[in-house]
Amino acid sequence: MNQNDSYRGWVMQFNLAVKRIFLFSALISLILILSAGAYGGGLSPEDKLFIVGAGAYEDKLWDVAALAFSRLLAEYPSSKKAEEVTHLLGVCYTQMKEYQPAIKVFMGFLEKYPKSSMYQIVLIRLGEAYLKLENPNEAVKIFQLISSLKDVDKNADAAIFTLGETYVKMGKHKEAAEEFRNFPQRFPESKFKNESYYWAGEALFNLENYKDAKNYYKKFYELMPEHSLSDDALNGAAWCEYRSGALKPALASFNLLIAKYPDSELIPAAVFRTGNINLKLSRNLDAQKAFKKLVESYPKERIAIDAHLELGKLYIQKKEYSKASPHFEKAQESEIIEMKTEASYYLGESEAAREKYNAAIAAYERIISYGISDMSWVSLAYVKIGVNKERLKLWDDAQAAYQKALEILEDKDLKAFAEERLKIVKTKPR
C-alpha cells in the first residue's frame, strides 16, 4: 500500500469514527433530554428514539441503531412502531454477527406478531441466523415451514434456494430435487432461477436419475456458460451419459469440457475419463494419447498415477516393455493399496519379459510387503517369485516360494501349477 492509499484509509476510518461519535452523542443527548422531560419540537420521546435508531440504521451504524431500538421497545412495548422496530433490531444483531440475540428477537417477533405482513421475512432471517450459527437442522425446519406455506413470499427465494442447497449437503437428495424442480415455477423472477437447474442436476445425479439430471445440467450450461459452476455442469452432463452407457456422447461432452474450460480443475479427471472411454471403445491409440497428455501436462495430479498404470498396460499389450516399466514404477506411488499392488504385479511381468529376473522378483516381493488383505495377490506373488527364482537356478529359494504359495492358494489351476513346479524343483541338483 502506498502513502496515498494509507492516508485515504486513515481519513475514511477517521470520518467513520466521527460519525459514530456524533450519532452516539445524539442518542445520549436524547436520552438525557427524555429523562429531563424536555421533549422539544413537538416530537414524543418515542418518536425521537425511533428517528435516531432509523438514522443510524440507514447509515449502517448497527450498534447505535440497536441501542436506540432496544431502548424504544423497553420504554414503549405497546408502541405502534414496536412490530417494525423488533424486526429492525433483529436485523441489527444479524449485521453485527450477534446471531443468538438476533434469534431471540426474531423468535419473539413470530410469537407476538403471527399475522404480521413481515412474518415470512422474519422467518427467512431467523433461518439465515441459524445457518450462520452452523445449525443447519434448525435452519431447515424454518425453511421447510416457509416452503410449506400456501402463498410463499417472492422474497423467500433465497431461503428456499438455501433449503435445497442444505438438503444436498445433508445428503437429502430426494428433498433437494423436489425443491429445485419446483423452484423456477415458484420464483420465476428470482436471480437464483438459472442456478436452480444446476442444483436440480446435482440432486438427481445422486439419485441416479441420470436422464433428468443430464437435462438440468445442460439447461444450466446453455443458460449460463460463463458461470463459475458451468464447467461442473458440463462435467455432470458427461458423467450422466457415461453412467448411462452412452459412451460416445460422454466422450464428446468430456472433450467439450476440455476445450471450453482448459483452466478448470476438472480437466485432469476429464482427460483421464476420455482415455478410459477410448479403451472401452477399443480405440487404444486415442486412449494412449489421452493418458500421455495427462501424465505430461498434470504430473502432480493424483489421477496421473492412474494414467501411468493404464499407459503401462497399453505398452505391455504392444510388448514395449522398456516403455511400460517406468510407468508401473510411477504407479507404485499410489496411495491406494490395490493400485500399488496391481502396478507392482505388472512391473514384475514387464521386467521378467525383459529377462531382468531380480528386478521382477523385487516387484513381486513388494506386493507381499504391502500387507494387502486379498490373499489371491499374495499367493500369485509367491508363485511368480518361484518362477523367476527357477530362471535364476536358485532352486531352494524357488522351493520355499512355492511352498508359501501353496499354504494360502485357493485358485485350483494356480495351485496345480505350483504343485507341479514344486515337484520339479525338488528334483534339481543342489
| request: Sort 210-216, 195-201 for me by packing, meaning the mean count of neighbouring Cβ atoms within 10 Å per residue, highest on top. | output: 195-201, 210-216
| remark: The farthest towards the positive end of the charge dipole of the range 130-267, of the residues Ile160, Ile258, Ser244, given +1 on Cβ of Lys and Arg and -1 on Cβ of Asp and Glu, is Ser244
| remark: Sorting Ala343, Ile361, Ala331 by the position of each Cα along the dipole of the range 330-372 (Lys, Arg +1; Asp, Glu -1; all at Cβ), the one nearest the positive end of that ordering is Ile361
| note | If each K or R counts +1 and each D or E counts -1, the residues other than Ala290 whose Cβ falls under 12 Å of its Cβ total +1
| remark: the range 115-173: relative contact order from alpha carbon pairs under 8 Å, six or more residues apart, as a whole percent, is 33
| message | Considering the Cα positions of the range 277-425, please state its Rg to one decimal place and its Dmax as a whole number of Å. | response | 16.4, 51
| said: Between 0 and 90 degrees, rounded to the nearest ten: what's the tilt of helix 157-169 against the longest Cα principal axis of the chain? | reply: 30
| When Lys and Arg each count +1 and Asp and Glu each count -1, what net charge do the other residues less than 12 Å away from Pro188, Cβ to Cβ, add up to? | +2
| query | If you take the Cα Rg of the range 362-430 and divide it by 2.2 N^0.38 Å, with N the number of residues, what do you get? | reply | 1.04
| said: What does the net charge come to around Asn255 if you take all other residues with beta carbon closer than 14 Å to its beta carbon, with K and R at +1 and D and E at -1? | reply: +3
| request: Determine by what factor the alpha-carbon radius of gyration of the range 287-348 differs from 2.2 N^0.38 Å, reporting the quotient. | output: 0.99
| How many percent of all Cα-Cα pairs in the range 314-387 sit more than 17 Å apart? | 37
| query | Under 18 Å Cα-Cα from Lys292, which lysines qualify once same-chain neighbours fewer than 8 residues away are excluded? | reply | Lys280, Lys300, Lys313, Lys318, Lys319, Lys323, Lys330
| said: From Cα pairs below 8 angstrom and at least 6 apart in sequence, can you work out the relative contact order of the chain, rounded to a whole percent? | reply: 5
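So, with a 1.4 angstrom probe, what is the percent of accessible area on the range 39-163 that is carbon and sulfur?
51
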| message | Per residue, how large is the accessible surface of the range 353-428? Use a 1.4 angstrom probe and give square angstrom. | response | 57
| task | Give the value in nm², to one decimal: projected area of the alpha carbon convex hull of the range 70-203, averaged over all directions. | result | 8.3
| note | With a ≥ b ≥ c from the Cα gyration tensor eigenvalues, square-rooted, and the rule rounded for a/c under 1.5, otherwise prolate when a/b > b/c and oblate otherwise, the range 43-85 is prolate
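Within the range 362-430, what whole-number % of the accessible surface is contributed by carbon and sulfur, with the 1.4 Å probe and all protein chains included in the calculation?
After summing per-atom areas, the C and S share lands at 50 percent.
Could you list the square roots of 5 times each eigenvalue of the Cα gyration tensor of the range 177-268, that is, the equivalent ellipsoid semi-axes, sorted largest first and rounded to whole Å?
Largest first, the range 177-268 gives 22, 16, 9 Å.
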| task | Can you work out the accessible area per residue across the range 61-141, with the rest of the protein chains kept in place, probe 1.4 Å, in square angstrom? | result | 51
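In debye, nearest 20: dipole of the range 177-233 around its Cα centre with unit charges on the Cβ of K, R (+) and D, E (-)?
220
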| note | Relative contact order as a percentage, the range 262-399, C-alpha pairs under 8 Å and 6+ apart, gives 14
| Given (i) 0.96; (ii) 0.98; (iii) 1.24 as candidate values of Rg/Rh (Cα atoms, Kirkwood Rh), which corresponds to the one derived from the coordinates? | (iii)
| task | Place a +1 charge on the Cβ of each Lys and Arg in the chain and a -1 charge on the Cβ of each Asp and Glu, then give the dipole magnitude about the Cα centre in debye, rounded to the nearest 20. | result | 1040
| request: Measure nothing but the geometry: give the 0 to 90° angle between the long axis through the Cα atoms of 395-408 and the longest principal axis through the Cα atoms of the chain, rounded to 10°. | output: 50
| Within straight-line cross-link reach of Lys423, lysines at Cα separation under 22 Å, skipping those fewer than 8 residues along the same chain | Lys384, Lys389, Lys393, Lys404, Lys412, Lys415
| note | Expected sort for 47-59, 375-387 on mean C-beta neighbours within 10 Å, highest first, is 375-387, 47-59
| query | For the Cα atoms of the chain, what angle does the longest principal axis make with the long axis of helix 321-331, in degrees from 0 to 90, nearest 10? | reply | 40
| message | Can you give me the % of accessible surface on the range 224-283 that is carbon or sulfur? Probe 1.4 Å, all protein chains present, nothing else counted. | response | 51
| remark: With the dipole of the range 262-327 defined by +1 on each Lys or Arg Cβ and -1 on each Asp or Glu Cβ, the option from Ala304, Ile316, Phe291 whose Cα lies farthest towards the positive pole is Ile316
| message | Straight-line reach from Lys169: which lysines fall under 25 Å, measuring Cα to Cα and dropping same-chain residues less than 8 apart? | response | Lys97, Lys132, Lys141, Lys154, Lys191, Lys193, Lys211, Lys214, Lys218, Lys219
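The values are calculated or read from the model by the stated rules, or taken from the named source; none is laboratory data. Not measured: the values here are computed from a predicted model. Positions of Cβ are generated from backbone atoms using ideal geometry, with glycine treated the same way; all protein chains shown enter the neighbour counts. Quick note on the areas: whole protein, heavy atoms, side chains included, nothing else; ligands and nucleic acids left out. Shrake-Rupley method; radii C 1.70, N 1.55, O 1.52, S 1.80 Å.
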